[in-house]
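Every number here is computed from the coordinates shown, using simple stated rules; none is lab data. For clarity, every value in this text was computed on a predicted model and none was experimentally measured. Every residue, glycine among them, receives a Cβ derived from its backbone with ideal geometry; neighbour counts consider all protein chains shown.
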Amino acid sequence: MNYFSLFNYSLISMQRKWRKQLSLCLIYSFVVAFYASVVFFTSSLRYETQFVIKDLPQLWIQKLAGGRLIPMENFWLDSLQKIRGVKEVYPRIWGYYFDSSTGAVFTVMGTEKPVNTLNMLSFSTIYKNKKNILQKNQAIVGTGFLAMRGLQIGENLSIPDAEGNMLNLEIIASFDSKSDLLTRDLIIVSPEYARKIIGLQQNQNTDFALNVFNPTEIDNIARRLDQKYASIRVVTKSQLEATYATLFGWRGGIWIYGSILALFAFILLVWERTSGLSEQEKKELGILKALGWQINEVVLIRLYEGLIISLTATFLGILLAFFHVFWLEAPLFKPFLVGWSVLYPRFSLFPIVELNSILIIFSLSIFPYLLATIIPAWKGAIIEPSEAMK
C-alpha cells in the first residue's frame, strides 16, 4: 500500500470539492475558536489573579455583627500580637466610596506604610515624596478614577467625607495600567483621611492583617483565632485563591459546556451529511472498487481528508482564539466572565497556553470528527461496485 499516493489522491479529491471543504473548515475553525477562547481566557485569568493576590497578608480577621462587617478598635492589636506563631499584625483601613458625579463605586484605602513597599502596585509616575509616605492632603488614584473624573496628575481632587465635609486632595501619582485589574477603582490616601471618607473613628480600623512565622501553621492559627474570639471571621489567602478559582471556573464552565455542545452538534451535522453519500460520491467509490481498490484503502482516503480538515480547522481555531483573547482581549464574552460594573476594569491578559489545555482542545475537536467521517466512509466502501454505480 502506497500511503503517499493515497494521501496525494486525498488532496486531489478535496481540490475538486474545494468550496464545500473550505466552508466546512471555516465553520469548524470558528466552533473550535469559541471553545479555545474560553479555555485560554479562564487559564490566563486564574494566572492574573494569583499574581495580583500574591502580596496579600497570609490571613486577616474581621469582626461581624448580624452578618455584617463592623469596625475593630485598636486594642485588638496587642491581643493579636500575643498569639503564638504570629509574626506581624497591622491594621487595615479600607472601604467603599460612592461617587455621585460618576455613579461609580470606588475603593478607598488608607496606609501609613511607605508606598514603595506595596509590591502589588506599580506607578506610572515618580512619587513626589522622597520618604514615600503619603501626606494628609495627598492621594494616589487609579486610571479609572482619572478617566471618569477627567483629572490629571497634579490636579486637586475634592471628596466628601462621611459627614458631608469636602476634603481637598492633591493627586500626586496614578497606577500603571498593567495593574488595572487591582487598582483601576482604587484611591489611596492617608489613614486619617481614609477614616473620614468611610466613616470610622480615629481609633477604629476595618480589619487586622496577620503574617506568621511558619506558613504551614496558617490553618492551625486561623482555627485558634476562630475558637478564641467570638463574632469574628478569619480569612486566609489560600481561601481567597480558592474562591477566585471557583468563581472563574464556574463562569468559564458554563461557556465551555455550551461550546462543547456546539462542537458536538457540528460533528453530529457532519455525521448526518456524510452518512448519506451523494450519487457522485457513490459512483466514485464504485469506480475505485472496480479498479481493484481495497476497503481499507478507500477508508484511508477519507481518514486523510478528515485529518487534513480537522487539523487545519483546529490549528486555525487555536490561532483565532489566541488573537481574540490576547490581542483583542476577548470582547465577545469578557463582560460575562469578569462581571459587570460601572467602572469596568481594563487589563491585558498574560498569554498563558497550557499543554493540557491544547491536548484537550485537540482531543475534543479531532477524534469525534474523524469518527463522524470514517464510519460513513466504511459503510460506503463495503457497497458492491455494481450497486454503487447504478
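Please list the non-local residues whose amide H lies under 5 Å from the amide H of E170, H modeled 1.01 Å from N, same-chain partners needing a gap of 5 or more.
Q138, A139, L157
Given 0.36 nm per residue, what is the gain on full extension from K87 to T312 after removing their alpha carbon distance, in nm?
Working: separation 225, 0.36 × 225 = 81.00 nm, distance 5.67 nm.
This chain segment gains 75.3 nm when fully extended.
Determine, from the Cβ-Cβ distance of Q239 and A65 and an R0 of 30 Å, the FRET efficiency 1/(1 + (r/R0)^6), rounded to the nearest 0.05. Please list the in-between numbers first.
Numbers: r = 21 Å, r/R0 = 0.71.
Computed FRET efficiency for Q239 and A65 comes out at 0.90.
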